[in-house]
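A.B. asks: Take a look at the following structure, please.
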Amino acid sequence: MKVLVVDVGGTHVKVLATGQRVHRQVDSGPAMTARGMVAVVKRMSAGWAYDHVTIGYPGPVVHGHVVAEPHNLGRGWVGFDFRRAFGRPVKLINDAAMQALGSYRGGRMLFLGLGTGLGSALIIEGVLEPMELGHLPYKNGHTFEHYAGIGGLNRDGKTRWRKHVLDVIARLRAALQPDEVVIGGGNAAKLGRLPPRTRLGDNANAFAGGFRIWNNKPRRAARRG
């Protein structure tokens, strides 16, 4: 099996295929639609051989389908037929969940992605649960993501942003009781000193998760109701 992994973010789209050592990327942003993403991915991956595709999507994915338009990209993602567009089997997964899967070592792990927004996923004894914790209310009428995402970093400066992120980590740790917290995303390295039982993830783990999903078929928590 040769897999093309597509990591879709609010600022970049990155791709890596089985057998390749260096990923390729292009800028994304508010004008990036689903159809536009497929077009640029095909151009970036020209010359690479692949027969399956994994897409890490920056928003909620339920039963392999996008269920809400992204906050930081263009429109047209909900209902888009990615399998038809690529002409190959496609698995869609939340982008934070994809990096969490590539970062997982066992036990109870909370993954937080510090990028354009605040991605999140929880894995408990191999059971993967993508989450949208960044959109929970935090303070002053704003969400966790408002303070911990790139907007908070640009608006408040690195010192205050770090303080907010550490507070968010502490609150989510208290609520979810993970064995460890893994911090990933493009801004993770800016955090500096980490709390106990917290480690930095590698952005390359997103690709590892995208490959792993075809091999391990991670379990997901059962839906109630």
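A.B. asks: Restricting attention to the stretch 170-198, which residues are of a type in the set (Gly, Ala, Ser) and either over 15 Å from Ile123 (Cβ atoms) or open to solvent by 50 Å² or more (accessible area, probe 1.4 Å) (or both)?
C.D. replies: Correct list: Ala170, Ala174, Ala175, Gly185, Gly186, Ala188, Ala189, Gly192.
A.B. asks: Also, quick follow-up: Residue by residue through the stretch 115-136, note down the ones that are within 17 Å of His146 (Cα to Cα) and part of a strand (DSSP E or B). Before you say what the answer is, go through the steps one by one.
C.D. replies: As a first pass, look at the stretch 115-136 and keep what is within 17 Å of His146 (Cα to Cα): 115-120, 131-136.
Matches in the stretch 115-136: Leu118, Gly119, Ser120, Met131.
A.B. asks: I would also like to ask the following. Go through (1) farther than 19 Å from Gly59 by Cβ; (2) acidic (Asp, Glu); (3) in contact (Cβ under 8 Å) with a residue 24 or more places away in the chain; (4) open to solvent by less than 60 Å² (accessible area, probe 1.4 Å) and name the single condition Asp167 misses.
C.D. replies: (3)
A.B. asks: Here's another thing I want to ask about it. Pick from the stretch 94-114 the residues that are within 11 Å of Gly185 (Cα to Cα) and assigned to a helix (DSSP H, G or I): which of them is most open to solvent (accessible area, probe 1.4 Å)? Full working, then the answer.
C.D. replies: Pass one, the stretch 94-114, residues within 11 Å of Gly185 (Cα to Cα): 95-96, 99-100, 111-114.
Of the ones still in play, those that are also assigned to a helix (DSSP H, G or I) are 95-96, 99-100.
On the way: Asp95: 38, Ala96: 6, Gln99: 17, Ala100: 0 Å².
If we take residues in the stretch 94-114 being within 11 Å of Gly185 (Cα to Cα) and assigned to a helix (DSSP H, G or I), then Asp95 is most open to solvent (accessible area, probe 1.4 Å).
Each row is one residue, and each column tells you yes or no for (1) in a loop (DSSP other than H, G, I, E, B); (2) at pLDDT 95 or above; (3) open to solvent by 30 Å² or more (accessible area, probe 1.4 Å).
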| site | (1), (2), (3) |
| --- | --- |
| Leu4 | no, yes, no |
| Val13 | no, yes, no |
| Gln20 | yes, yes, yes |
| Val26 | no, yes, yes |
| Met32 | yes, yes, no |
| Arg35 | no, yes, yes |
| Arg43 | no, yes, yes |
| Ala46 | yes, yes, yes |
| Ala49 | yes, yes, yes |
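A.B. asks: Within the stretch 59-78, identify whether any single residue is open to solvent by less than 30 Å² (accessible area, probe 1.4 Å), of a type outside the set (Lys, Arg) and part of a strand (DSSP E or B), and answer yes or no.
C.D. replies: Start the filter on the stretch 59-78 by keeping residues that are open to solvent by less than 30 Å² (accessible area, probe 1.4 Å), which leaves 59, 61, 66, 70, 73-74, 77.
Among the residues that remain, those that are also of a type outside the set (Lys, Arg) are: 59, 61, 66, 70, 73-74, 77.
If we keep only those that are part of a strand (DSSP E or B) as well, we get 61, 66.
Yes, the stretch 59-78 contains at least one residue that is open to solvent by less than 30 Å² (accessible area, probe 1.4 Å), of a type outside the set (Lys, Arg) and part of a strand (DSSP E or B).
A.B. asks: Just one of Val165, Val181 is within 19 Å of the chain's Cα centre (by Cα), of a type in the set (A, V, I, L, M, F, W, C) and part of a strand (DSSP E or B); which is it? Give the derivation first.
C.D. replies: On the way: Val165 fails: part of a strand (DSSP E or B).
Within the list Val165, Val181, the selection yields Val181.
A.B. asks: It is to be established whether one or more residues within the stretch 119-132 are under 21 Å from Gln99 (Cα atoms), of a type in the set (Gly, Ala, Ser), without any contact (Cβ under 8 Å) to a residue 24 or more places away in the chain and surrounded by fewer than 17 Cβ atoms within 10 Å (Cβ to Cβ).
C.D. replies: The first filter runs over the stretch 119-132 and keeps only residues under 21 Å from Gln99 (Cα atoms), leaving 119-132.
Narrowing the set further to residues that are of a type in the set (Gly, Ala, Ser) leaves 119-121, 126.
Next cut, without any contact (Cβ under 8 Å) to a residue 24 or more places away in the chain only: none.
No - not one qualifying residue is present in the stretch 119-132.
A.B. asks: Let me ask another. Test Ala206 against the criterion of being of a type in the set (A, V, I, L, M) and either at positive phi or open to solvent by 40 Å² or more (accessible area, probe 1.4 Å) (or both), and give yes or no.
C.D. replies: Numbers: of a type in the set (A, V, I, L, M): yes; either at positive phi or open to solvent by 40 Å² or more (accessible area, probe 1.4 Å) (or both): no.
Answer is no for this residue.
The values are calculated or read from the model by the stated rules, or taken from the named source; none is laboratory data. All figures in this text were calculated on a predicted structure; none of them were measured in a lab. Please note: Cβ atoms are built from the backbone with ideal geometry, for glycine as well, and neighbour counts cover all protein chains shown. The accessibility values were calculated without ligands, DNA or RNA, using every heavy atom of the protein model including side chains. Shrake-Rupley method; radii C 1.70, N 1.55, O 1.52, S 1.80 Å.
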